[in-house]
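Asker: Mind having a look at this structure? Questions to follow.
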Amino acid sequence: MHDAYEPVPILEKLPLQIDCLATWDDWLLVGTKPGHLLLYRVKKDAGTNRFEVTLEKSNKNFSKKIQQLFVVSQYKILVSLLENNIHVHDLLTFQQITVVSKARGATLFACDLQQSSSGEAKLRMCVAVKRKIQLYYWKDRDFHELQGDVTAPDIPKSMAWCENSICVGFKRDYYLIRMDGRGTVKELFPTGKQLEPLVAPLADGKVAVGQDDLTVVLNEEGVCTQKCALNWTDIPVAMEHQPPYIIAVLPRYVEIRTLEPRLLVQSVELQRPRFITSAGSNVVYVASNHFVWRLVPISIASQIRQLLQDKQFELALQLAKMKDDSDADKRQQIHHIQNLFAFNLYCQKRFDDSMQVFAKLGTDPTHVIGLYPDLLPSDYRKQLHYPNPLPTLSGAELEKAHLALIDYLTQKRSHLVKQLNDSDPFTTSPLMEGTPTIKSRKKLLQIIDTTLLKCYLHTNVALVSPLLRLENNHCHIEESEYVLKKAHKYSELIILYEKKGLHQKALQVLLDQSTKANSPLKGHERTVQYLQRLGVENLGMIFEFSPWVLKICVPAVAAGKESGELGEYRNKLLSFLEVSSSYEPERLISDFPFDGLLEERALLLGRMGKHEQALFIYVHILKDTHMAEDHYHTDTVRAVYLSLLRMYLSPPDVHFLGPIKMELCEPQANLQAALKVLQLHHSKLNTTKAINLLPANTQIREIQVFLESVLEEKAGRKRFDQVLKSLLQAEFLRVQEERIFHQQVKCVITDEKTCRVCKKKIGNRCASCEYLMLLQYSVL
């Protein structure tokens with residue numbers, strides 16, 4: 001709350017009871033219950049809130065009963081309801097001009113003064129006569145009928161014009177009567193529990209309608225124009241609109257509120273106030289039965305200062321627009337208040353509303369970006385100042401704030417890109433006076449694009465690539481490079497480098513990432529695509545970065561299997577080195593190159609007894625374990641696999657091969673490959689020696705799998721041997737039984753037996769038949 005008005009006594013302890021008031025300029029008309037009309041001149045003392053009050057006229061015989069007064073200063077007339085009829089008097093002399101004879105029995109009237117585009121004033125009046133509403137217009141010093149009478153559902157208690165409609169309050173309900181020639185009547189809503197309905201005209205052609213302690217604003221269609229009703233602390237008995245305030249007379253005090261924003265501004269305690277009237281924007285009178293006060297507005301400058309302290313920026317803006325300052329000063333103050341308003345919206349975490357206000361103001365975008373953490377370079381951020389400490393944002397709040405900033409910066413970026421080549425000077429306004437601003441469109445675009453990049457990384461990574469691919473992308477290279485690397489967005493980093501022409505950096509990143517297991521740039525495909533986009537002017541760079549691609553991209557062919565003469569001669573060379581013993585490998589190896597013919601070198605190293613070096617070539621260069629297994633010509637293969645296991649688990653460094661000129665990475669222990677050897681060739685390994693080779697940090701589960709495989713193989717071998725033993729034993733027993741069976745057969749030969757060959761007596765047989773005879777008998 002703040003003080004918008006100061007109540008100043010004008011008339012005190014008036015002996016006559018006041019029934020109605022009217023005012024214009026420096027004049028105050030008071031209608032009293034006995035029918036006296038009092039005219040006062042109220043002049044303000046310069047520099048103070050004191051008034052000189054003079055009774056200029058007192059017409060004791062004005063009427064027996066003064067019910068209502070209305071001054072039309074443009075026509076210099078006074079319209080009054082006297083003794084239930086409408087009278088018109090000259091405002092200067094109080095001489096009666098006319099009486100509306102048809103309006104006899106009137107209980108209420110309401111006037112509406114409209115200004116045409118040509119500046120001509122048009123006065124309309126509606127008069128309640130019992131259940132009829134009569135309509136008139138003022139012309140040639142008299143009221144004429146505007147259209148036929150409108151029949152009302154009840155006797156009107158309160159009326160006010162609303163553009164081309166009249167809002168009427170009856171005892172129980174409010175109605176809207178349209179001035180469409182037919183007098184269409186529309187029922188609105190009940191009046192509530194209050195004794196008297198209340199309808200008050202507003203300055204913008206609408207009406208305020210009371211329902212108990214609530215007030216709603218209606219347009220000429222009878223539609224409520226405010227989201228929420230005004231809520232008074234008591235039931236108003238009278239109301240006056242003094243933009244941006246609505247002043248309501250309550251039974252014990254005067255209450256001042258605003259419609260937008262809905263605020264209670266001030267409560268002024270007065271002794272039983274009943275009436276209120278105004279003339280223009282700065283003349284408001286409130287009266288009780290015997291007192292009259294003038295509500296003197298507090299200076300707008302003072303009100304604005306108080307409102308800014310209370311952070312009521314919307315109301316402060318409305319007042320700033322009403323000041324009488326020069327246009328330049330007014331614009332400057334309005335701009336300052338709007339900046340404070342936008343900043344306060346941000347602090348209230350109404351980010352979208354805040355960004356919309358900043359966008360309309362033309363505030364330097366860097367000052368808006370500075371509201372957010374970690375978006376501006378620290379050196380520049382330290383130069384920015386804000387009215388109050390900034391709120392701490394995190395989580396969902398920070399994401400919501402970033403999304404609002406993205407919309408704001410996208411709009412600003414679009415505007416700046418269109419003006420990029422303009423020769424007009426470029427200026428932005430600071431959020432706080434004295435804070436430096438960006439003078440260059442290109443520099444500002446660079447900050448905006450870099451900030452958008454950071455915001456996208458926080459909210460929607462999918463938008464990073466489209467931003468970087470823009471032809472007019474102005475992202476700051478070093479800053480963008482830092483945030484992309486920090487976020488591990490290497491694909492997007494490649495796009496940045498390519499668009500900025502930094503091909504060397506892009507290709508180096510592709511090379512570095514090509515061997516990373518979880519990298520989206522793993523492999524050579526992206527490098528090939530990048531190299532294909534480079535023109536002749538980058539031929540040197542193509543030659544620099546293509547060899548590694550070529551080496552890993554060729555479908556590898558075994559030595560001696562190459563097509564053409566190369567395969568033929570190389571196959572002969574391999575056969576010669578493997579079979580012949582007519583050469584000295586120590587002398588021959590010096591003739592072999594260091595960057596090729598590695599299979600041949602491995603054969604020579606084997607001949608020289610340098611089996612570990614040969615195995616190193618097979619395992620870490622050629623990556624061919626089958627060749628490594630076939631390398632050794634020993635009585636047992638256990639040594640081969642044990643050496644192979646050692647080569648995987650404890651590889652020597654690359655210098656182990658001597659001066660081989662290959663682009664080799666330092667060999668790394670490969671536990672998984674070693675475990676695979678254990679799994680596939682456990683039967684060919686010495687179990688104890690193999691376990692001793694495993695590093696101490698090997699998982700127990702992995703050793704357990706190996707041992708289970710060994711034990712399972714041993715158990716299987718044992719079962720096989722047992723079965724074989726049983727089978728052999730059974731075969732042995734069968735043969736023994738057969739031998740015994742055949743040994744039981746005997747043949748007795750005497751001299752009387754006849755030889756089956758020569759048919760002679762055995763005793764006389766020839767020597768040549770004796771052997772055959774034995775065979776025959778043995779068969780029998």
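Asker: Kindly state which helices (runs of 4 or more DSSP H) lie completely within the range 342-458 and contain at least 2 residues that are among the hydrophobic types (A, V, I, L, M, F, W, C) and either within 18 Å of the chain's Cα centre (by Cα) or outside the structural domain of residue 487 (by the TED database) (or both).
Answerer: Of the helices (runs of 4 or more DSSP H) lying wholly inside the range 342-458, those with at least 2 residues that are among the hydrophobic types (A, V, I, L, M, F, W, C) and either within 18 Å of the chain's Cα centre (by Cα) or outside the structural domain of residue 487 (by the TED database) (or both) span 351-361, 365-369, 395-418.
Asker: It is to be established whether one or more residues within the range 261-273 are crowded, with 17+ Cβ neighbours inside 10 Å, β-branched (Val, Ile, Thr) and in contact with an Asp or Glu (Cβ under 6 Å, 6 or more places away or on another chain).
Answerer: Within the range 261-273, none of the residues are crowded, with 17+ Cβ neighbours inside 10 Å, β-branched (Val, Ile, Thr) and in contact with an Asp or Glu (Cβ under 6 Å, 6 or more places away or on another chain).
Asker: Could you go through the range 282-298 and let me know if any residue there is in a helix (DSSP H, G or I) and modelled with pLDDT of 90 or more.
Answerer: Scanning the range 282-298, I find no residue that is in a helix (DSSP H, G or I) and modelled with pLDDT of 90 or more, so the answer is no.
Asker: Look at residue 2 and say whether it is surrounded by 13 or more Cβ atoms within 10 Å (Cβ to Cβ), within 60 Å of the chain's Cα centre (by Cα) and not acidic (Asp, Glu).
Answerer: It is true that residue 2 is surrounded by 13 or more Cβ atoms within 10 Å (Cβ to Cβ), within 60 Å of the chain's Cα centre (by Cα) and not acidic (Asp, Glu).
Asker: Same structure again: Being in contact (Cβ under 8 Å) with a residue 40 or more places away in the chain, open to solvent by less than 70 Å² (accessible area, probe 1.4 Å) and more than 54 Å from the chain's Cα centre (by Cα) is true for just one of 617, 589, 621. Which residue is that?
Answerer: Just one listed residue meets the conditions, 617.
Asker: So is residue 96 of a type outside the set (A, V, I, L, M), touching a strand residue (DSSP E or B) at 6+ places or on another chain (Cβ under 6 Å) and without any contact (Cβ under 8 Å) to a residue 40 or more places away in the chain or not?
Answerer: Here the answer is yes, as residue 96 does meet what is asked.
Asker: Do you know which residues across the range 356-381 are surrounded by 20 or more Cβ atoms within 10 Å (Cβ to Cβ) and acidic (Asp, Glu)?
Answerer: Residue satisfying the conditions is 364 alone.
Asker: Hey, does the range 86-97 have a residue that's open to solvent by 30 Å² or more (accessible area, probe 1.4 Å) and closer than 23 Å to residue 275 by Cβ?
Answerer: Yes, some residue in the range 86-97 is open to solvent by 30 Å² or more (accessible area, probe 1.4 Å) and closer than 23 Å to residue 275 by Cβ.
Asker: Here is a further query. Checking residue 429 against (1) in contact with a strand residue (DSSP E or B) (Cβ under 9 Å, 6 or more places away or on another chain); (2) open to solvent by less than 10 Å² (accessible area, probe 1.4 Å), only one condition comes out false. Which one?
Answerer: Exception for residue 429: condition (2).
Asker: Name the residue that is most open to solvent (accessible area, probe 1.4 Å), counting only residues in the range 198-224 that are under 14 Å from residue 158 (Cα atoms) and assigned to a strand (DSSP E or B).
Answerer: 201
Asker: Ok, one more. Could you look through the range 113-129, keep only residues that are of a type in the set (Gly, Ala, Ser) and either closer than 19 Å to residue 181 by Cα or part of a strand (DSSP E or B) (or both), and pick out the one that is least open to solvent (accessible area, probe 1.4 Å)?
Answerer: 128
Asker: Would you mind stating whether residue 193 is touching an Asp or Glu at 6+ places or on another chain (Cβ under 7 Å) and within 24 Å of residue 102 (Cα to Cα)?
Answerer: Spelling it out, it is not the case that residue 193 is touching an Asp or Glu at 6+ places or on another chain (Cβ under 7 Å) and within 24 Å of residue 102 (Cα to Cα).
Asker: Sticking with this one: Go through the range 449-477 residue by residue and tally those that are among the charged types (D, E, K, R) and either modelled with pLDDT of 95 or more or buried (at least 23 other Cβ atoms within 10 Å of the Cβ) (or both).
Answerer: Final tally of qualifying residues: 2.
Asker: Let me ask something additional. Tell me whether the range 130-141 contains one or more residues that are assigned to a strand (DSSP E or B), open to solvent by 50 Å² or more (accessible area, probe 1.4 Å) and within 30 Å of residue 12 (Cβ to Cβ).
Answerer: No, every residue in the range 130-141 fails to be assigned to a strand (DSSP E or B), open to solvent by 50 Å² or more (accessible area, probe 1.4 Å) and within 30 Å of residue 12 (Cβ to Cβ).
Asker: Report, ordered by the first and then the second residue, all pairs with beta carbons closer than 6 Å, sequence separation of six or more or different chains, a first member in the range 472-490 that is farther than 24 Å from residue 419 by Cβ and touching a residue at least 12 places away in the same chain (Cβ under 8 Å), and a second member that is aromatic (Phe, Trp, Tyr) and open to solvent by 50 Å² or more (accessible area, probe 1.4 Å).
Answerer: No pair meets every condition.
Asker: I would also like to ask the following. I'm trying to understand the selection: among the residues of the range 553-586, which are under 18 Å from residue 609 (Cα atoms) and exposed (fewer than 13 other Cβ atoms within 10 Å of the Cβ)?
Answerer: 578, 579, 580, 581, 582, 583, 584, 586
Asker: What pairs come out if I take residues in the range 187-199 that are closer than 19 Å to residue 165 by Cα and free of Cβ contacts under 8 Å to residues at least 60 places away in the same chain and pair them with residues that are of a type in the set (Ser, Thr, Tyr) and open to solvent by 100 Å² or more (accessible area, probe 1.4 Å) whose C-beta lies under 8 Å away, six or more apart or interchain?
Answerer: That search, which allows pairs on different chains as well, returns nothing.
Asker: Which condition number in (1) of a type in the set (Val, Ile, Thr); (2) farther than 25 Å from residue 138 by Cβ; (3) in a strand (DSSP E or B) is the one that residue 23 fails?
Answerer: (2)
Asker: Output the number of residues of the range 303-332 satisfying the condition of being in a helix (DSSP H, G or I), open to solvent by less than 40 Å² (accessible area, probe 1.4 Å) and out of contact with any Ser or Thr (no Cβ under 8 Å at 6 or more places or on another chain).
Answerer: Here the count works out to 8.
Asker: If a residue must be within 12 Å of residue 538 (Cβ to Cβ) and buried (at least 21 other Cβ atoms within 10 Å of the Cβ), how many such residues does the range 493-513 contain?
Answerer: Of the residues in the range 493-513, 2 are within 12 Å of residue 538 (Cβ to Cβ) and buried (at least 21 other Cβ atoms within 10 Å of the Cβ).
Asker: Let me ask another. Of everything in the range 176-197, what is surrounded by 22 or more Cβ atoms within 10 Å (Cβ to Cβ) and either in contact with a Pro (Cβ under 8 Å, 6 or more places away or on another chain) or not in a strand (DSSP E or B) (or both)? Give them in sequence order.
Answerer: Correct list: 191, 197.
Asker: Which number in (1) surrounded by fewer than 21 Cβ atoms within 10 Å (Cβ to Cβ); (2) touching a Ser or Thr at 6+ places or on another chain (Cβ under 9 Å) marks the one condition that residue 346 misses?
Answerer: Tallying (1) surrounded by fewer than 21 Cβ atoms within 10 Å (Cβ to Cβ); (2) touching a Ser or Thr at 6+ places or on another chain (Cβ under 9 Å), residue 346 fails exactly one: (1).
Asker: Please tell me if residue 550 is in a helix (DSSP H, G or I), crowded, with 17+ Cβ neighbours inside 10 Å and outside the structural domain of residue 476 (by the TED database).
Answerer: It is false that residue 550 is in a helix (DSSP H, G or I), crowded, with 17+ Cβ neighbours inside 10 Å and outside the structural domain of residue 476 (by the TED database).
Asker: Which one of 450, 459, 392 is among the hydroxyl-bearing types (Ser, Thr, Tyr) and closer than 21 Å to residue 362 by Cα?
Answerer: Matching residue, one of 450, 459, 392: 450.
Asker: Going through the range 522-540 one residue at a time, which ones are open to solvent by less than 40 Å² (accessible area, probe 1.4 Å) and closer than 16 Å to residue 550 by Cα?
Answerer: Once the filter is applied, which keeps residues that are open to solvent by less than 40 Å² (accessible area, probe 1.4 Å) and closer than 16 Å to residue 550 by Cα, the range 522-540 yields 523, 527, 530, 531.
Asker: Do the conditions hold for residue 335, that is, is it part of a helix (DSSP H, G or I) and surrounded by 20 or more Cβ atoms within 10 Å (Cβ to Cβ)?
Answerer: No, not satisfied.
Asker: Now a separate question. Do we have any residue at all in the range 149-162 that's under 47 Å from the mean Cα position of the chain (by Cα), at pLDDT 90 or above and either surrounded by fewer than 13 Cβ atoms within 10 Å (Cβ to Cβ) or not polar (S, T, N, Q) (or both)?
Answerer: Within the range 149-162, one or more residues are under 47 Å from the mean Cα position of the chain (by Cα), at pLDDT 90 or above and either surrounded by fewer than 13 Cβ atoms within 10 Å (Cβ to Cβ) or not polar (S, T, N, Q) (or both).
The values are calculated or read from the model by the stated rules, or taken from the named source; none is laboratory data. These figures come from a predicted structure and were not determined experimentally. No Cβ is skipped: glycine too gets one built from the backbone with ideal geometry, and neighbour counts run over all protein chains shown. For the accessible areas, the whole protein counts, side chains as well, though only heavy atoms, and no ligand, DNA or RNA atoms are used. Shrake-Rupley method; radii C 1.70, N 1.55, O 1.52, S 1.80 Å.
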